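Readers should treat all values here as calculations from the given coordinates under stated rules, not as data from a laboratory. Quantities reported herein were computed from a predicted structural model and do not represent experimental measurements. Backbone-built Cβ (ideal geometry, glycine too); neighbour counts: all protein chains shown.
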Amino acid sequence: MTCALLAHLSANDNLVYWLGNWRPRNGIALGICFVVDPVGAGITTLCSLITLTALVFSTQYFESAGALYHVLVLIFLAAMCGFSLPGDAFNMFVFFELMSASAFALCGYKTEECESLQGAANFAVTNTIGGFLVLNGIALLYARTGALNLAQIAESLGSNIDNLIICAFLLTTAGFLVKAAIVPFHFWLADAHAVARRRYAFFFLA
């Protein structure tokens, strides 16, 4: 409901919220901000609906789903919403890693089953490598622009694209492709998705 309301409110103009009221000074953004636009708010609304469906559907797979399962799913949802709305690259990375951490735990939720642990381990190792690539790409962008805020990065770069920026783009893209299991970076998906699909309703993992 809240995400849908944000999508409606941001239809005419983007909503920008600076945490702690740390607004830009002299064109330099040091604070953390969230930018709500129709696309980002629409994605959060979709994620919320899918998560609600998964929670309802998962009742068919558990005699009594424990509190840990519900907490992990809600953390996963919060991370997806945070990833869809950040105004700076580093916090986008932080939320994506939070989403990955909860996904690792959900994939290996049934610790008494070897398949679950194997799928979670494969998932964790490959996605950690992907996260390392993304972090290095963001670090290169920061080295070139001195900024993490996405709008400030865009303003600093303009049309000046050099080899360092291309390398940062390739690293970041490769990392996100690994995490999204896009061909040919989908080698981890078989174990993780098979376990999730067979055992419980964590079908939004893919």
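Before moving on, here are some points about what is shown:
- Inter-centroid distance (Cα atoms) of region 1-70 relative to region 142-171, Å: 26
- Phi to ³J(HN,Hα) by Karplus 6.51 cos²θ - 1.76 cosθ + 1.60 over region 104-109, Hz, x for Gly, Pro: 4, 5, 5, 5, x, 4
- In sequence order, calculated HN-Hα J values of region 156-161 (Karplus, 6.51, -1.76, 1.60; Hz; x Gly/Pro): 5, 6, x, 9, 8, 10
- Between Phe132 and Leu74, the modelled labels are 3.4 nm apart [label points 7 Å from Cα along Cα→Cβ].
- Region 2-205: equivalent-ellipsoid semi-axes (sqrt of 5 x gyration tensor eigenvalues, Cα, Å): 33, 22, 13
- Residues whose amide H lies under 5 Å from that of Ala147, counting only those 5 or more places away or on a different chain, are absent; hydrogens are built 1.01 Å from N in the peptide plane.
- Whole-Hz couplings from phi, Karplus 6.51/-1.76/1.60, listed for region 47-56; x for Gly and Pro: 4, 5, 5, 5, 5, 4, 4, 5, 5, 5
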